[in-house]
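The values are calculated or read from the model by the stated rules, or taken from the named source; none is laboratory data. This structure is a prediction, so every number in the text was calculated from the model and none was measured. All Cβ positions, even for glycine, are placed from backbone atoms using ideal geometry, and neighbour counts span all protein chains on display.
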């Protein structure tokens with residue numbers, strides 16, 4: 001069973017069997033953003049630091065940054081959400097993942113939140 | 001009531017306003033295809049009795065406004081800068097003004113400072129029903145044509161109704177007492193209108209090429225550079241006897257350094273207010289004042305001021321979004337054709 005972690009910036013991180021981390025935004029985040037019309041993703045090969053802005057989502061009304069939840073190197077971006085940004089609204093926590101990365105420190109995921117802790121965090125907002 | 005309908009609220013001009021209910025795109029489409037209901041009670045309604053006196057402060061033909069008609073006009077300062085843009089309706093034996101929410105106190109002070117008596121009714125509610133099915137939602141307004149105004153009874157509620165709006169679609173703006181507003185809104189929803197928020201209102205007005213005060217026009221901009229010369233009435237161009245007339249007349253004669261233009265943006269990334277505009281040689285020639293993703297065009301659009309030499313339709317320009325140039329082209333306004341009930 002793969003484990004999914006969450007950040008307080010409303011990203012989810014899933015660690016695959018290959019050790020790569022898949023990053024997306026949470027359903028709470030897509031709902032808060034509203035109708036998403038444009039997504040800009042980081043280029044594979046880019047090194048990103050934790051909390052660094054590395055993707056952009058635009059709704060009709062406003063632009064928002066998406067932050068790297070952990071440090072590492074981007075290995076792949078999801079072309080499906082570039083072609084069809086509205087997918088982020090309908091499938092934020094499944095097929096509408098943003099990018100994959102090789103983590104600098106695989107153990108760093110343990111500093112992120114569990115689903116229960118993230119839900120508790122949402123409840124406190 | 002807004003929250004019961006699922007609204008996400010935002011602060012705007014000191015008011016808690018609904019940004020969206022189900023989603024900006026769905027609400028936008030509801031207005032283009034059916035009928036949308038907007039609560040725009042934050043706008044300021046006020047009465048003026050003396051049309052001649054008001055004419056001293058605006059370039060429109062107000063003295064010649066017949067009973068039952070409405071007109072768009074501008075409050076100008078001595079330098080010809082735009083203090084506010086407003087609607088004036090001749091209805092109920094006086095002029096009814098509709099002022100922008102963020103400007104109503106400024107307007108009131110300015111109008112009074114020039115000796116014109118004005119009575120604010122800022123407590124009154126204003127609802128807008130907009131879209132091709134607006135006529136079916138408000139059959140009481142069937143006899144009104146675009147820019148007509150009348151006192152109408154809607155299910156026992158006394159309303160000031162104008163056939164106008166801020167979306168480019170046919171529709172009505174309906175003023176009523178605050179105490180009656182919720183019942184009126186419920187009635188209009190029951191008749192098939194879809195609740196819509198400020199988000200859709202902004203994308204609709206931008207597609208319709210209509211200026212937003214504070215973004216596209218302000219006290220630093222005159223009507224000539226803002227492409228609002230049509231609001232300077234023929235008769236007023238004879239007398240030139242309104243505040244700011246001399247600088248506006250000079251701008252009309254000599255042209256202005258910058259012009260407000262519409263820009264169609266390639267790709268899908270919207271260029272927002274503040275984005276730099278560059279010409280083909282990479283030189284900065286202006287800035288975006290409003291920009292969004294246009295749901296009806298499935299593409300980003302913008303309004304912005306550019307050097308007069310770059311203002312012709314078809315001029316290729318770059319808009320700078322996150323340090324990258326995005327190609328755009330100067331396009332005629334409106335982006336989406338108006339469909340008023342003329």
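Counting only strands (runs of 3 or more DSSP E) that sit wholly inside the stretch A:30-100, those with at least 3 residues that are closer than 24 Å to residue B:296 by Cβ are A:36-40, A:53-59.
The single residue among B:178, B:142 that is surrounded by fewer than 20 Cβ atoms within 10 Å (Cβ to Cβ) and closer than 27 Å to residue B:3 by Cα turns out to be B:178. With respect to residue B:149, is the statement that it is outside the structural domain of residue B:60 (by TED's automatic domain parsing), under 28 Å from residue B:191 (Cβ atoms) and part of a helix (DSSP H, G or I) true? The answer is no for residue B:149. Residues in the stretch B:233-286 that are in a strand (DSSP E or B), touching a residue at least 12 places away in the same chain (Cβ under 8 Å) and more than 14 Å from chain A (Cβ to nearest Cβ): B:258, B:259, B:260, B:261, B:262, B:263, B:264, B:276, B:277, B:278, B:285, B:286. Every listed requirement among (1) in contact with a helix residue (DSSP H, G or I) (Cβ under 7 Å, 6 or more places away or on another chain); (2) within 14 Å of chain B (Cβ to nearest Cβ); (3) surrounded by fewer than 20 Cβ atoms within 10 Å (Cβ to Cβ) is met by residue A:53 save one, (1).
Can you find even one residue in the stretch B:316-333 that is touching a strand residue (DSSP E or B) at 6+ places or on another chain (Cβ under 9 Å) and farther than 20 Å from residue B:280 by Cα? There is at least one residue in the stretch B:316-333 that is touching a strand residue (DSSP E or B) at 6+ places or on another chain (Cβ under 9 Å) and farther than 20 Å from residue B:280 by Cα. Scanning the stretch B:220-250 for residues that are in contact with a helix residue (DSSP H, G or I) (Cβ under 9 Å, 6 or more places away or on another chain) and either closer than 18 Å to residue B:308 by Cα or not assigned by TED's automatic domain parsing to the domain that holds residue B:62 (or both) turns up B:222, B:223, B:224, B:225, B:229, B:248, B:249. Tell me whether the stretch B:87-105 contains one or more residues that are part of a helix (DSSP H, G or I), in contact with a strand residue (DSSP E or B) (Cβ under 8 Å, 6 or more places away or on another chain), free of Cβ contacts under 8 Å to residues at least 24 places away in the same chain and surrounded by fewer than 18 Cβ atoms within 10 Å (Cβ to Cβ). There is no residue in the stretch B:87-105 that is part of a helix (DSSP H, G or I), in contact with a strand residue (DSSP E or B) (Cβ under 8 Å, 6 or more places away or on another chain), free of Cβ contacts under 8 Å to residues at least 24 places away in the same chain and surrounded by fewer than 18 Cβ atoms within 10 Å (Cβ to Cβ).
Of the residues making up the stretch A:14-48, those that are over 25 Å from residue A:115 (Cα atoms) and away from chain B (no Cβ under 14 Å) are A:44, A:45, A:46, A:47.
Within the stretch B:111-139, restricting attention to residues that are part of a helix (DSSP H, G or I) and in the same structural domain as residue B:32 (by TED's automatic domain parsing), which residue is surrounded by the most Cβ atoms within 10 Å (Cβ to Cβ)?
B:134
Return a yes/no flag: does the stretch B:280-293 have any residue that is on the phi > 0 side of the Ramachandran plot and buried (at least 17 other Cβ atoms within 10 Å of the Cβ). Checked the stretch B:280-293: at least one residue is on the phi > 0 side of the Ramachandran plot and buried (at least 17 other Cβ atoms within 10 Å of the Cβ). When each of B:55, B:33, B:16 is tested for being crowded, with 16+ Cβ neighbours inside 10 Å and either at negative phi or in contact with a strand residue (DSSP E or B) (Cβ under 8 Å, 6 or more places away or on another chain) (or both), the lone residue that passes is B:55. With respect to the conditions (1) at pLDDT 95 or above; (2) over 14 Å from the mean Cα position of the chain (by Cα), residue B:92 lacks only one, and its number is (1).
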